[in-house]
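What follows draws every value from the coordinates through simple rules; no lab data is involved. Just so you know, these numbers come straight off a predicted model, no measurement behind them. Cβ coordinates were reconstructed from backbone atoms using ideal geometry, including for glycine residues, and neighbour counts include every protein chain displayed.
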Amino acid sequence: MSDGVLLIDKPAGKTSHDIVAAVRRAIGPHPPRRVGHAGTLDPFATGLLLVLVGRATRIQRYLMALPKRYETVARLGATSTTGDRDGEITVTGRFPPDPVELPTGQLLQRPHAYSAVKVDGRRAYDRSRAGETVVLEPRPVTVYRFEQLWREDDRAAFAIECSAGTYVRVLVADLADAYCEELRRTAIGPFEVADADPARLVPLADVLGRILPSVRLDGDDARRAAHGVAIDAAAPAGAGDVLLLDAEGPIAIAQPRAEGLKPVVGFRA
């Protein structure tokens, strides 16, 4: 196994860390490979988890910034302390209207107290479980699609497309008295859960080619970029970060600077 990304369909009951640990055991210690993931899924949730192997761990932030797609089944007329089925459930009998107003566009969303956001170096969910009162600051998120798929008695299903950092549990809880009973992540950017295969490593070059525009180099420019030196080249129109590559594959991710394209993440060392 070399450098790349595994598309894994995480089952319910497993943490994202459990999946990473299983991959690390499967790879073995020789040769040593770093393993991580790009975006936590709660234990009750299922769906796409991107597991990063080797030098793919260097692009974690780029993968985490991709938009996400989810499908969720909400229980209506009840609340949960955690926003999901694993919390303390209170049946209220108060139901959202039908049809319910589903907000889209840019929103200010307050992350749930039982979220992975860090507060003074500790996860919010750890502080909440320890009995602390945790109130997080609202942050801007974007919801591109929020569609009700069906509604029956005290259950309703929704399809959601949203920016990175959006909490589906909060979207559902904000409808009124409701919480996520089921949650499935179906896509991260161009990567689909339908393509998940824990035995197939998507090569780093293929992953980068799907999320960044590229500039091909050769000769001295390729060698300079491999050593982190800016090259006299322009990014494609409107592009921010770009992939620099040559005939051997990815060299670096670079950013436009006054002196040209400056490598900021290298793959050759």
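If you plug each phi of region 181-191 into the Karplus form 6.51 cos²θ - 1.76 cosθ + 1.60 with θ = phi - 60°, what whole-Hz ³J(HN,Hα) values come out, in order, with x for Gly and Pro?
Each residue's phi maps through the Karplus curve to give 8, 9, 8, 9, 8, 9, 7, 10, x, x, 9 Hz.
Once the piece of chain linking Thr92 and Arg139 is laid out straight, how much longer is it, given 0.36 nm per residue of separation minus the C-alpha distance between them? Mind dumping the intermediate values first?
Working: separation 47, 0.36 × 47 = 16.92 nm, distance 2.86 nm.
Length gained between Thr92 and Arg139: 14.1 nm.
Taking the alpha-carbon distance from Lys118 and a cut-off under 13 Å, which aspartates and glutamates remain once sequence neighbours fewer than 8 residues away in the same chain are dropped?
Asp126, Glu137
For region 81-114 and region 1-64, write down the distance between their C-alpha centroids in whole Å.
Their Cα centres are 29 Å away from one another.
Sorting check: for 261-268, 192-199, which peptide has the highest mean count of neighbouring beta carbons within 10 Å, and how do the rest follow? Show your work: numbers first, answer last.
Details: 261-268: 18.6, 192-199: 13.1.
Top of the packing list down: 261-268, 192-199.
Starting from the Cα of Val229, step 7 Å along the direction of its Cβ; do the same at His30; then give the gap between the two resulting points in nm.
3.9
Work out the length of the dipole vector of region 71-183 about its Cα centre, built from +1 on the beta-carbon of each Lys and Arg and -1 on the beta-carbon of each Asp and Glu, and round it to the nearest 20 debye. Provide the component values of the computation, followed by the final result.
Values: 14 positive and 19 negative charges, 95 e Å.
The calculation lands at about 460 debye.
Can you pull the percent of Cα pairs in the chain with separation above 31 Å?
Numbers: 13033 of 36046 pairs.
The proportion of pairs with Cα distances above 31 Å equals 36 percent.
Amide H of Val215 versus every other amide H placed in the peptide plane: which residues, excluding those fewer than 5 positions away on the same chain, fall under 5 Å?
It is Leu243, Leu244, Leu245, by chain and number.
Provide the gained length on full extension for the span Ser2 to Asp174, in nm with one decimal, where the gain is 0.36 nm per separating residue minus the Cα-Cα distance.
Value of the extension gain: 57.6 nm.
Only bridges whose two residues both fall in the chain count here: according to DSSP, what percent of them are antiparallel, nearest 5?
90
Tell me, in nm to one decimal, what length is gained between Ala194 and Ala65 on full extension, where the rule is 0.36 nm per residue of separation less the Cα-Cα distance?
Full-extension gain reported as 44.4 nm.
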